[in-house]
Amino acid sequence: MSLSQIEFRRAMGQFATGVTILTVDLEGAVHGMTANAFASVSLDPLLVLVCVDHSARTHAHLHAKKRFGINVLCENQRAISEYYAQAVSANDEAETRVGARFERTRHGTPILHGALAYLECRLVSTQEAGDHTIFIAEVEDVVVRDGKPLLFFRGDYRSIGDSAF
Ligand SMILES: Cc1cc2nc3c(=O)[nH]c(=O)nc-3n(C[C@H](O)[C@H](O)[C@H](O)COP(=O)(O)O)c2cc1C
């Protein structure tokens, strides 16, 4: 059986996910990337993973900085997701164009205002996997707030209904 990338993407699109912005500090500037290949890995120690395409600028930044943030987006942050999904974005226009504002953690990692959750991550290992790298990181701190998530399903953004049934 020869499975095409289109069929693979259709199948994966049936798996609804949240949406995150990976944030890295670049000498005082914020670099962000939209990512939904994010998963919890271990409770002891506290580990998560993100999968990043070799061609993404973030790929080199994660290897170099070895520290990053994962910001879980709220349902009203779709424009921020679209902004950080563009390879050509000048990341310094994030506040004026889509209202993305950041504070810094005590490690200097950018933390996005209004996100549903923030995880402060320290890279512990990497695994090459086809055209992506799996970055496994220890979670050193979290911030959690109330609200509804931004979802991604069948290639489009969605929001959660008021009730599950
Ligand atoms: C909803 C959504 C989820 C995405 N998830 C990932 C992901 O998990 N890994 C990845 O490498 N790219 C993912 N992308 C694509 C990147 O956001 C995109 O290639 C981005 O331009 C890379 O930015 P950079 O070159 O500044 O690192 C996703 C895009 C969207 C819209």
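Quick note: the coordinates plus some simple rules give every number you see, no bench work behind them. Note that the structure is predicted; figures quoted are calculated from it, not measured. Cβ coordinates were reconstructed from backbone atoms using ideal geometry, including for glycine residues, and neighbour counts include every protein chain displayed.
Here are a few things to note about the model shown:
- Modelled FRET efficiency - R0 45 Å, H107 with Q5, Cβ distances, 0.05 increments: 0.75
- Here the spin labels are modelled as points 7 Å beyond Cα on the Cα-Cβ line, and at L43 and A29 they lie 4.2 nm apart.
- Here the Kirkwood formula, the inverse mean of 1/r across different C-alpha pairs, assigns the chain a hydrodynamic radius of 16.5 Å.
- Net charge over other residues, Cβ less than 12 angstrom from the Cβ of Y84 (K, R count +1; D, E count -1): +1
- In region 116-165, Cα pairs under 8 Å separated by at least six residues give a relative contact order of 33 percent.
- Summing charges over neighbours of F153, with a neighbour being any other residue whose Cβ is under 15 Å away from its Cβ, gives +4 when K and R count +1 and D and E count -1.
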